[in-house]
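Remarks on the structure that follows.
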Amino acid sequence: MARDDGAGVTRLVSQHAASLSFEALPQELVELIKQIVLDTLGVAIGASGLAPEARVVAEYVEALGGRPESTVFGFGFKAPAPWAVFVNGSLGHMLDYDDVGAGGHVGIATVPVAFAIAEAFGRVSGRDLITAIAAGTDLHTRLDLAVRLPDWTMTEGWFATQLFGFLSGAVTAGRLRGFDAERIENALGIAFTQVSGSRQMAVGASTDLRSMQAGFSGQGAVLATDLAARGIVGSKEIIEGRYGIYKTYVRNQPAWSALTEGLGTSFPLLDEHGFKVWPACGYTRATSTATQRLRRENRLSPEDVETITIIGGTGALGGIRQWQSRTHARLR
């Protein structure tokens, strides 16, 4: 276990990812990951025909050419694995119907990476695929929980799907390629050099970049493992280091225990994951639920409502109950 100051965390999670076995996964986690895979594939393929920006991104990648390694979902062509993930990761969020959990949208950060790597390199079993996604989503969830336990608003300005997606994607790809702990650690170091993910893409009217966050992180993750496989040495201690992910991107001291406790035996994804009922930002679920309850309990029709006032904090911190208690409809 890492020390209280986080020393050794990056090496520890690299060893965990390299050694994780399918047999160590609880059956409920296996079933959840299967659902995440189906959900991610479904929303990505759906976006290929429904989102106007999908064709723009796909046609750009198709025009680049290159080795046909991995399938681009919904468009019937193959591209080099990093570019296929760029499209597929972007497709995953275009309808805003993808899964949510600690760290944002863990499915689109890991599943497109896993499928591209599996197709490009072959000889991958279903168990291998599930184990790799389990390793990636476990790291992604723990990275976020280490922030949220003290106060997750300290990441204000960064979008966790992309910020942590470079690392969770690198672990997913590295595990699927059979990397040992040293190469996974190098892949994490290379992925970390590319880390990004500002929330500016959703300030005011959301832009197309809001949907493409996992396209960038997934592409960077595959690139990281490609370079690590060729012997490129990545930055060390990228989680706990002097200029690591927390000291650079987070404004408080992380809860290191969230990263280290129960590695290989407990999987916080099971308690920190959900699928969307509506194709909209997860923060709107509380207000949508409150609106439906108000309508049902008061037998309202749209014609009965003059205005709706919603009061909430940053990131809907209050949760569903607070939103419901502070959501008011003025009747005509």
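The values are calculated or read from the model by the stated rules, or taken from the named source; none is laboratory data. Computed from a predicted model, the values in this text were never measured in an experiment. Note that each Cβ is placed from the backbone with ideal geometry, even for glycine, and that neighbours are counted across all protein chains shown. Calculation scope for accessible area: heavy atoms of the full protein, side chains included, ligands and nucleic acids excluded. Shrake-Rupley method; radii C 1.70, N 1.55, O 1.52, S 1.80 Å.
Taking a temperature of 37 °C and a viscosity of 0.692 mPa s, what whole-number D in µm²/s does Stokes-Einstein yield for region 1-143 with Rh from Kirkwood over alpha carbon pairs? In µm²/s, the coefficient rounds to 204. Output the 0 to 90 degree angle, nearest 10, between the alpha-carbon long axis of helix 160-176 and the longest principal axis computed from the alpha carbons of the chain. Helix 160-176 sits roughly 40 degrees off the main axis of the chain. With a 1.4 Å probe and every protein chain left in place, work out the accessible area per residue of region 272-311 in Å², rounded to a whole number. Each residue of region 272-311 exposes 69 Å² on average to a 1.4 Å probe.
Were the residues from residue 7 through residue 288 laid out at 0.36 nm apart, the gain over their Cα-Cα distance would be 96.9 nm. Helix 106-121 and the long axis of the chain differ in direction by around 30°, with both axes built from C-alpha atoms.
Of all aspartates and glutamates in the structure, those lying under 18 Å Cα to Cα from residue 34, and not within fewer than 8 positions of it along the same chain, are 23, 98, 99, 119, 128, 138, 271, 272.
Estimated at 0.36 nm per residue, the fully extended path between residue 265 and residue 304 surpasses their Cα-Cα distance by 8.7 nm.
Residue 297 contributes an accessible area of around 130 Å² to the protein surface, as traced by a 1.4 Å probe with all chains present.
In the context of the full set of protein chains, region 132-268 has a per residue accessible area of 37 Å² (1.4 Å probe). Across region 71-121, Cα pairs under 8 Å and at least six residues apart give a relative contact order of 35 percent. Solvent exposure of residue 210, expressed as accessible area, is near 40 Å², computed with a probe of 1.4 Å over the protein chains only. When peptides 19-28, 57-66, 253-262 are ranked by their average number of other Cβ atoms within 10 Å per residue, the highest-first order is 253-262, 57-66, 19-28. Compute the angle between helix 126-151 and the longest alpha-carbon principal axis of the chain, please, reported from 0 to 90 degrees and rounded to the nearest 10. Here the helix axis deviates by roughly 60 degrees. Each principal axis of region 69-145 carries a Cα extent, and these read 37, 29, 17 Å when sorted largest first. Using the Cβ-Cβ distance between residue 206 and residue 236 with R0 set to 41 Å, the FRET efficiency from 1/(1 + (r/R0)^6) comes to roughly 0.65. Within the straight-line cut-off of under 21 Å between alpha carbons, the lysines reachable from residue 236 are 247, sequence neighbours fewer than 8 places apart in one chain being disregarded.
Rounded, prolate or oblate: pick one for region 171-253, where a ≥ b ≥ c are the square roots of the eigenvalues of its C-alpha gyration tensor, a/c under 1.5 means rounded, and failing that, prolate if a/b is larger than b/c, else oblate. Because a/c hits 1.5 or more and a/b fails to exceed b/c, region 171-253 counts as oblate.
Here the Karplus relation 6.51 cos²θ - 1.76 cosθ + 1.60, evaluated at θ = phi - 60°, turns the backbone of region 67-73 into coupling constants of 5, x, 9, 9, 6, 8, 4 Hz, with x for every Gly and Pro.
Seen from every direction in turn and averaged, the convex hull around the alpha carbons of the chain projects onto 17.4 nm².
Residue separation times 0.36 nm, minus the C-alpha to C-alpha distance between residue 275 and residue 251: what's the value? Intermediate results must be reported in sequence, preceding the final value.
On the way: separation 24, 0.36 × 24 = 8.64 nm, distance 2.95 nm.
Working it through step by step, the gained length comes to 5.7 nm.
Probe 1.4 Å, all protein chains in place: accessible area of residue 201 in Å², nearest 10? Estimated to the nearest 10 Å², residue 201 gives 30 Å².
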